[in-house]
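A.B. asks: What follows is a structure written as structure tokens; I'll ask about it next.
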Amino acid sequence: MARKAELARETKETKIQVSLNLDGTGRVALATGVPFLEHMLALLARHGLFDLTVRAEGDLEVDSHHLVEDLGLVLGDAFNQALGDKKGITRYGMSLLPMDEVLVMAAVDISGRPCLGLDLPLPAERLGNFETELVAEFLRAFATRARITLHLRLQAGGNTHHIIEAAFKGLGRALAEAVRPDPRVDGIPSTKGTL
Ligand SMILES: [Mn+2]
């Protein structure tokens, strides 16, 4: 059965709809009003082979903070919901993602315990109208609601656009590996019997 989720969330600050298919081909339809975020979500979905549709509106006249963070929350919830009981999955995924001069390590554990290990210094404070400090807000919100352990660590630095791009591509590949069904995994991949 395709592992899918469709979620909507509305507050005074943002209105967000997400549909996610973990067993897709990397197709996306994105409308958020934050072009750099759309660029990163398209990379995550393409390299994770997830189908992703996002419709998001928010108080961008204030700044992009509420929308970016809330989208991380809803995408995390959708990921957790689409995974269902986690039976038969690989559970761990990792990638060492090169992007020209940049190299980023991404590692994921579908642990059920939210945890973000982030060592991703970003030299530029802004890319276009995108505040790069929001990358950490997005990843923290996503990892918390997806209930995963996520590490993203810079191995070789350089251009800020390249660093963030390598992080989102690497996250996509690591997630794709972690959610991949493994026919030899019997039940929940944990000696505790629960995740
Ligand atoms: Mn790019």
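A.B. asks: For the range 68-166, what is the relative contact order in percent, using Cα pairs closer than 8 Å and at least 6 residues apart in sequence?
C.D. replies: That works out to 42 percent.
A.B. asks: Would you mind working out the accessible area per residue for the range 1-70, using a 1.4 Å probe, and quoting it in Å²? Could the numbers behind the result be given before it?
C.D. replies: On the way: 3640 Å² over 70 residues.
Solvent-accessible surface per residue comes out at 52 Å².
A.B. asks: Compute the projected area of the convex hull of the Cα atoms of the chain, averaged over all viewing directions, and report it in nm² to one decimal place. Don't skip to the answer; put the middle values down first.
C.D. replies: Details: hull surface 41.6 nm².
Projected over every direction and averaged, the Cα hull of the chain covers 10.4 nm².
A.B. asks: Right, something else. On C-alpha positions alone, give me the angle between the axis of helix 134-146 and the longest principal axis of the chain, in degrees, nearest 10.
C.D. replies: The angle comes out near 20 degrees.
A.B. asks: Shifting gears a bit: Work out the length of the dipole vector of the range 72-123 about its Cα centre, built from +1 on the beta-carbon of each Lys and Arg and -1 on the beta-carbon of each Asp and Glu, and round it to the nearest 20 debye. Display every interim value, and only then the final one.
C.D. replies: Values: 4 positive and 6 negative charges, 73 e Å.
It works out to roughly 360 debye.
A.B. asks: Moving to a separate point now. Nearest 20 debye, what's the magnitude of the dipole of the chain about its Cα centre given +1 on Lys and Arg Cβ and -1 on Asp and Glu Cβ? If you can, show how the numbers build up before the last one.
C.D. replies: Details: 22 positive and 26 negative charges, 201 e Å.
About 960 debye.
A.B. asks: Using unit Cβ charges (K, R positive; D, E negative) and no other charged atoms, how large, in debye to the nearest 20, is the dipole of the range 116-195 about its Cα centre? Write down the numbers at each step before the final one.
C.D. replies: On the way: 10 positive and 9 negative charges, 64 e Å.
Here the size comes out at about 300 debye.
A.B. asks: What do you get for the angle between helix 35-48 and the principal long axis of the chain? Use alpha-carbon atoms, 0 to 90 degrees, nearest ten.
C.D. replies: Once rounded, the angle reads 20 degrees.
A.B. asks: Out of HIS151, PRO189, LEU83, whose Cα points farthest toward the positive end of the dipole of the chain (charges: +1 Lys, Arg; -1 Asp, Glu; placed on Cβ)?
C.D. replies: PRO189
A.B. asks: Can you tell me which of GLY26, GLY84, GLY170 moves the most in a GNM of the chain? Springs connect C-alpha atoms under 10 Å apart.
C.D. replies: GLY84
A.B. asks: Mind checking the full-extension length gain between LYS87 and ARG180? Use 0.36 nm per residue of separation minus the Cα-Cα distance, one decimal, nm.
C.D. replies: Numbers: separation 93, 0.36 × 93 = 33.48 nm, distance 1.06 nm.
So the chain would gain 32.4 nm between LYS87 and ARG180.
A.B. asks: For the chain, with the dipole built from +1 on Lys and Arg beta-carbon atoms and -1 on Asp and Glu ones, taken about the Cα centre, which of MET94, ALA2, PHE50 lies farthest toward the positive end?
C.D. replies: ALA2
A.B. asks: Show that you can apply the helix-only estimate: for the chain, add -39,500 (n - 2.57) for every DSSP H stretch of four or more residues, divide by all residues, and state [θ] at 222 nm to the nearest 500. Before the final figure, lay out the partial values.
C.D. replies: Details: 4 runs with 66 residues, N = 195.
About -11500 deg cm²/dmol.
The values are calculated or read from the model by the stated rules, or taken from the named source; none is laboratory data. The structure presented is a predicted model; accordingly, all values stated were derived computationally and were not measured. Cβ: placed from backbone, ideal geometry, glycine included. Neighbour counts: every protein chain shown. Just the protein is used for accessible areas: all its heavy atoms, side chains included, with ligands, DNA and RNA removed. Shrake-Rupley method; radii C 1.70, N 1.55, O 1.52, S 1.80 Å.
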